[in-house]
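Asks: Mind having a look at this structure? Questions to follow.
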Number of protein chains: 2
Amino acid sequence: MTTSVVDNGVNVEALLGARDAFADAPEIAQFLWRSTVTWVNGTHSQSNVETFYGFGEEQQHRQTFGFDIDHPLQFASEDNGITPVEYVLVALGGCLTAGIAAVAQQREIQLRSVRASVAAEMDLHGILGADPDVRNGFSGVTVSYQIDADATAEEIRALVAQSQKRSAVYDILTNPTEVTVEIC
Amino acid sequence: MTTSVVDNGVNVEALLGARDAFADAPEIAQFLWRSTVTWVNGTHSQSNVETFYGFGEEQQHRQTFGFDIDHPLQFASEDNGITPVEYVLVALGGCLTAGIAAVAQQREIQLRSVRASVAAEMDLHGILGADPDVRNGFSGVTVSYQIDADATAEEIRALVAQSQKRSAVYDILTNPTEVTVEIC
């Protein structure tokens with residue numbers, strides 16, 4: 001008799017349960033994620049995240065999460081918070097890492113530690129309008145993982161690959177999304 | 001004699017100065033933005049942002065900025081922080097808003113208040129692997145601005161359009177970026 005003692009803290013049963021529930025009622029899988037942003041001064045703004053819609057009804061986070069966004073001192077700003085593009089890196093690292101934990105739980109692989117460095121190249125000629133051939137965003141992004149787990153190197157590679165395949169933020173970066181900006 | 005008293009807190013001269021400096025030494029416009037992410041437990045991870053490379057040398061933020069990323073209670077997680085996809089919305093709102101302030105300063109338009117709601121639709125059939133035809137990321141994103149400024153409605157529309165045109169995060173969402181995930 002073997003007893004699984006793998007515990008990465010992810011409730012895989014709940015996630016698979018949600019997938020089954022979506023099969024019966026596809027409309028409850030339609031989510032709406034939200035934030036608000038309020039300009040403070042200069043390049044400094046504040047963003048709040050509190051509610052979302054999903055599972056067929058309005059949902060709330062445990063608390064309102066607030067974030068400061070700014071440009072650094074080196075751009076003659078006040079560095080009251082990280083830059084918008086750095087928030088994208090926070091999003092990407094968090095998404096892939098949660099995916100690694102979830103897939104590891106499902107595959108009964110005990111994780112010991114997972115760390116990554118995320119780095120994005122950007123040519124500022126784009127955003128400053130100095131060269132029309134240079135894009136505003138990243139030229140490329142690299143995520144480098146160091147993972148300690150009860151698994152072979154091959155199993156760890158497969159974990160990361162599966163997380164990448166199912167990651168929302170990886171998809172958002174690598175594929176285009178329609179964004180509408182309107183004035184009320 | 002007219003005296004411009006428009007002050008949105010953006011040092012436009014410094015930004016234009018940077019653009020001129022880039023013309024003389026294009027290599028100093030090559031930036032590298034960074035974050036680290038460390039898995040905590042379950043879907044909870046922590047990300048730090050502290051350094052970046054640009055203007056030809058290593059740079060530091062005023063402090064290390066730390067962020068918690070998690071899934072909400074409704075996904076059988078602990079809601080220790082906002083989800084990865086919500087960080088993308090924080091990034092987008094912050095980027096467009098800083099751009100509006102910078103462009104307004106350059107056009108000598110005094111801003112009174114700028115607020116926006118950011119909302120992103122997502123069908124969870126994608127991320128849960130329940131339907132291969134549904135993408136993991138957002139189906140679409142809408143940013144709705146309310147702007148009070150000493151300007152006509154037409155000038156405000158033009159402000160927002162120019163910010164959109166020069167926004168790094170708007171570009172990152174609407175166009176594909178190559179992302180490499182590796183294991184060290």
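Asks: Considering only residues that are more than 7 Å from chain A (Cβ to nearest Cβ) and assigned to a loop (DSSP other than H, G, I, E, B), which ones fall in the range B:18-50?
Replies: Correct list: B:ALA25 only.
Asks: Go through (1) at pLDDT 95 or above; (2) assigned to a loop (DSSP other than H, G, I, E, B); (3) among the polar types (S, T, N, Q) one by one and return the number of the condition A:SER4 breaks.
Replies: (1)
Asks: Separate question: Applying the selection to the range A:29-50, what residues are open to solvent by 40 Å² or more (accessible area, probe 1.4 Å) and under 23 Å from B:ASP70 (Cβ atoms)? I'd like the intermediate steps shown before the answer.
Replies: The first filter runs over the range A:29-50 and keeps only residues open to solvent by 40 Å² or more (accessible area, probe 1.4 Å), leaving A:30, A:32, A:34, A:36, A:38, A:40-41, A:46, A:48, A:50.
Across the range A:29-50, the qualifying residues are A:GLN30, A:LEU32, A:ARG34, A:THR36, A:GLN46, A:ASN48, A:GLU50.
Asks: Right, something else. Return a yes/no flag: does the range B:76-92 have any residue that is over 22 Å from A:ARG62 (Cα atoms), buried (at least 24 other Cβ atoms within 10 Å of the Cβ) and either within 20 Å of the chain's Cα centre (by Cα) or more than 7 Å from chain A (Cβ to nearest Cβ) (or both).
Replies: Initial filter on the range B:76-92 (over 22 Å from A:ARG62 (Cα atoms)): B:92.
With buried (at least 24 other Cβ atoms within 10 Å of the Cβ) added as a condition, the list becomes B:92.
From what is left, the residues that are either within 20 Å of the chain's Cα centre (by Cα) or more than 7 Å from chain A (Cβ to nearest Cβ) (or both) are B:92.
Yes: one or more hits.
Asks: Based on this model, can you work out whether A:ALA116 counts as crowded, with 22+ Cβ neighbours inside 10 Å and at the interface with chain B (Cβ under 7 Å from one of its Cβ atoms)?
Replies: Details: crowded, with 22+ Cβ neighbours inside 10 Å: yes; at the interface with chain B (Cβ under 7 Å from one of its Cβ atoms): yes.
For A:ALA116, the condition - crowded, with 22+ Cβ neighbours inside 10 Å and at the interface with chain B (Cβ under 7 Å from one of its Cβ atoms) - is met.
Asks: Moving on to the next point. Filter the range B:147-184 for residues that are open to solvent by less than 30 Å² (accessible area, probe 1.4 Å), more than 7 Å from every other protein chain (Cβ to nearest Cβ) and of a type outside the set (Gly, Ala, Ser) and give the result.
Replies: B:LEU159
Asks: Still on this structure, I have one more. Just to be sure before I move on: is B:ASP123 touching an Asp or Glu at 6+ places or on another chain (Cβ under 7 Å), without any contact (Cβ under 8 Å) to a residue 24 or more places away in the chain, at the interface with chain A (Cβ under 7 Å from one of its Cβ atoms) and of a type in the set (D, E, K, R) in the structure I sent? Give the steps one after another, and end with the answer.
Replies: Values: touching an Asp or Glu at 6+ places or on another chain (Cβ under 7 Å): no; without any contact (Cβ under 8 Å) to a residue 24 or more places away in the chain: yes; at the interface with chain A (Cβ under 7 Å from one of its Cβ atoms): yes; of a type in the set (D, E, K, R): yes.
Answer is no for this residue.
The values are calculated or read from the model by the stated rules, or taken from the named source; none is laboratory data. This structure is a prediction, so every number in the text was calculated from the model and none was measured. Neighbour counts run over all protein chains shown; Cβ positions are idealised from the backbone, glycine included. Side chains included, ligands, DNA and RNA excluded: accessible areas come from the protein's heavy atoms. Shrake-Rupley method; radii C 1.70, N 1.55, O 1.52, S 1.80 Å.
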